[in-house]
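See below for the structure under consideration.
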Amino acid sequence: LSAVAGLWIKSMPKKEFAGLELGKSYKANIKLPDYTNLTYNDTYQSPTEQEIQDEIESAISAAEKSIDNDVTDKLKEGDVVTIDFDGYIDGEKYEKACGANQELELGSGRFIDGFESGLIGKEVGDKVTLNLTFPEDYSEVSLQGQDIKFEVKITAGVRTTYPELTDALAKELSKDECKTVDEYKAYIFKTLDEEKKENAEKSISSEIWTKLLEESTLKKYPQNMYDSIVEDTDELYSGYYSSYASYGVTDLESFVEIAMGTDLKSYIENQIRYHFITYAIAAEQDITLTDADYESLLEEAGVTTREELEAMGVNDSVIHVDFMIGTDDMEITG
């Protein structure tokens with residue numbers, strides 16, 4: 001349980017919603033799927049040598065040890081070019097596909113397939129014609145599958161070079177944590193690996209929660225719980241996060257439609273299902289939270305008291321609790 005979920009578990013038994021109390025009546029209001037047999041996709045992949053090298057080069061650049069030089073030979077992937085370009089559809093210039101003095105890293109994938117690769121091997125000063133096609137899933141529907149011709153002029157090119165990674169440089173980049181190149185590479189591998197595992201776990205958690213929400217049904221949505229979550233959510237996003245102003249709206253309903261991509265009723269009912277799923281599974285699996293556990297979770301969140309957590313904008317209703325269900329056992333993570 002995350003510290004946020006801990007706050008919820010600790011506070012909600014003191015509340016009643018439409019006569020539903022923690023325990024049997026909560027479980028009776030929801031029908032859960034067989035969550036112990038839900039499947040998921042494990043997206044974890046071990047860091048590659050290229051990813052490790054990219055991370056090292058990024059650290060070298062941040063330490064201002066890399067050198068940028070004008071490209072005097074043929075362009076390569078990774079070079080940053082400055083280009084002017086015009087796009088033509090059916091012989092007519094398409095203004096949205098035109099640009100001047102724009103920087104582009106070759107291989108970054110910013111442009112449609114064939115654009116960047118069509119500049120590799122060319123030289124600064126070249127004028128290049130590219131006959132391409134927008135992908136079928138392109139974001140602008142009217143351009144999906146549409147043929148386009150680009151006239152491109154390469155006006156400049158910069159290539160970054162990196163010094164050889166030595167023991168001395170590895171020590172400097174790691175702030176004396178690593179004494180050799182091998183130690184530094186192992187350190188980079190470990191850092192990337194932990195990040196990849198964390199991202200994979202988040203992906204699994206999200207996938208499992210999506211299935212739980214889709215496959216769980218409630219007999220009723222308590223109106224006072226609905227009203228409570230609306231009030232708390234409005235307070236959170238209008239106050240602590242100041243999200244309304246950043247989205248150019250003044251009310252919760254408009255904010256949810258723009259920021260969450262759904263209507264307010266569906267959004268709040270999802271929060272209610274989160275609540276019931278959490279308690280129902282916790283009850284079935286006999287998951288409890290001791291005071292010591294709770295204090296430890298607060299510490300992980302960087303606070304020492306419930307009041308500090310609430311000051312961060314966390315309250316009893318605006319809660320997102322994540323489940324990660326393994327093959328042999330189940331744990332709840334935040």
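Bear in mind these aren't lab numbers, they're just calculated from the coordinates by the rules spelled out. Because the structure is a prediction, the values reported are computed rather than measured. Here Cβ is always computed from backbone atoms with ideal geometry, including for glycine, and neighbour counts include all displayed protein chains.
Tabulated values for the structure
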read-out	value
Ranked by how many other beta carbons lie within 10 Å on average, peptides 37-47, 206-216 from highest	206-216, 37-47
Equivalent ellipsoid semi-axes - Cα gyration tensor, region 130-272, angstrom	44, 31, 19
Residue-span extension gain [residue 257 to residue 180] - 0.36 nm each, minus C-alpha spacing	22.4 nm
Cα centroid separation - region 184-203 against region 21-96, whole Å	15 Å
Amide H contacts of residue 79 (H built 1.01 Å from N, under 5 Å, at least 5 apart or other chain)	106
Cα-based convex hull, region 140-193, per residue volume (Å³, whole number)	201 Å³
Placed amide H near residue 157: partners under 5 Å, 5+ positions off or other chain	71, 82
Rounded to whole Å, sorted largest first: equivalent-ellipsoid semi-axes of region 55-156, Cα gyration tensor	28, 16, 11
J(HN,Hα) series, region 46-59, from Karplus relation 6.51 cos²θ - 1.76 cosθ + 1.60, nearest Hz, glycine and proline x	4, x, 8, 4, 5, 5, 5, 5, 4, 5, 5, 5, 5, 5
Per-residue ³J(HN,Hα) for region 127-132, Karplus 6.51 cos²θ - 1.76 cosθ + 1.60, θ = phi - 60°, Hz, x for Gly and Pro	10, 10, 9, 10, 9, 10
Among 149-158, 82-91, the order from most to least packed when residues are scored by Cβ within 10 Å on average	149-158, 82-91
Local net charge near residue 218, Cβ-Cβ under 11 Å (Lys/Arg +1, Asp/Glu -1)	+3
Under-5 Å amide H pairs with residue 94, H placed in peptide plane, nonlocal only	87, 88, 89
